[in-house]
Ligand code: CA
């Protein structure tokens with residue numbers, strides 16, 4: 001799961017990053033509205049934390065432009081202001097939730113989880129994802145099939161999670177690359193192929209009926225027998 005934090009207070013942004021990373025999220029931070037909007041438009045995020053008072057573009061404008069582009073990524077607005085008019089304006093612009101600073105870390109994490117849960121969900125209550133004969137366990141980073149199980153590396157886990165969450169769709173290499181390695185990274189298409197082959201080996205080891213299919217020139221999807 002990838003979170004974008006758009007917050008110009010550098011210390012607060014760093015605290016948010018630490019907090020979210022400790023909870024297992026991958027985090028990108030932007031310190032102004034313009035670069036924040038650019039990143040947000042990539043549509044690779046599961047949740048966006050958006051401050052209101054920002055240099056270059058304020059949070060309301062960022063949100064309006066993001067929604068105008070057709071993007072519906074859940075947005076949690078953060079602000080020091082607590083006036084009702086701000087909340088109304090934020091919600092009118094398309095924010096999903098509004099949190100007033102200072103907030104409790106636990107409250108913030110609960111909001112993020114709630115926003116992620118709102119998306120079409122295949123997860124069971126304990127954070128396990130299922131698909132065909134497979135179960136992906138977030139707590140132990142393991143992939144389970146019947147009696148067998150294997151541990152996944154962080155990147156393998158992220159990739160398997162994306163494939164399982166989008167099991168009816170073909171994921172392009174570009175999407176996988178951006179969602180897993182992010183914008184700043186030097187990773188190339190080749191990385192995706194390497195990790196797909198790691199995962200295929202693990203699926204074989206598990207004797208799973210689920211396969212990762214390559215759609216030539218497009219990307220990958222899961223093949224799940226009825
Ligand atoms: Ca600010």
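Using a simple spin-label model with pseudo-atoms 7 Å out from Cα toward Cβ, residue 140 and residue 193 lie 3.4 nm apart. Using every pair of separate Cα atoms, the Kirkwood estimate puts the hydrodynamic radius of the stretch 1-71 at 11.9 angstrom.
Taking the C-alpha atoms only, the angle from helix 59-68 to the longest principal axis of the chain is near 50 degrees.
Equivalent-ellipsoid semi-axes for the stretch 52-95 (Cα gyration tensor, √(5λ), whole Å, largest first): 17, 12, 8. With contacts taken as Cα pairs under 8 Å and at least 6 residues apart, the stretch 2-115 reaches a relative contact order of 23 percent.
Summarising the label geometry, the points placed 7 Å from Cα in the beta-carbon direction at residue 128 and residue 14 lie 4.0 nm from one another.
Per q in 0.13 1/Å, what log10 I(q)/I(0) does a Debye calculation on the alpha-carbon atoms of the chain return? Those come out to -0.80, one per q. Taking the DSSP bridge list for the chain and keeping only pairs wholly inside it, about 55 percent are antiparallel.
Would you mind giving the three semi-axes, in whole Å and largest first, of the ellipsoid equivalent to the stretch 169-224 according to its Cα gyration tensor?
They are 21, 13, 8 Å, listed largest first.
What whole number of Å gives the distance from the Cα centroid of the stretch 11-61 to the Cα centroid of the stretch 171-204? If you average the Cα positions of each part, the centres end up 23 Å apart. With contacts taken as Cα pairs under 8 Å and at least 6 residues apart, the chain reaches a relative contact order of 13 percent.
Our estimate of slack between residue 87 and residue 43, defined as 0.36 nm per intervening residue step minus the Cα-Cα distance, is 13.4 nm.
Counting every C-alpha pair in the stretch 120-223, the share spaced more than 16 angstrom apart comes to 55%. Quick one: helix 10-22 against the long Cα principal axis of the chain, what's the angle to the nearest 10°, folded into 0 to 90? Helix 10-22 sits at roughly 30 degrees to that axis.
Between residue 154 and residue 213, the C-beta separation translates, for a Förster distance of 25 Å, into a calculated FRET efficiency of about 0.55.
Read-outs: derived from the displayed coordinates by stated rules, not from any lab. Keep in mind it's a predicted model, so treat the numbers as computed, not measured. Don't worry about glycine lacking a Cβ; one is built from the backbone with ideal geometry, like all the others, and counts go over all protein chains shown.
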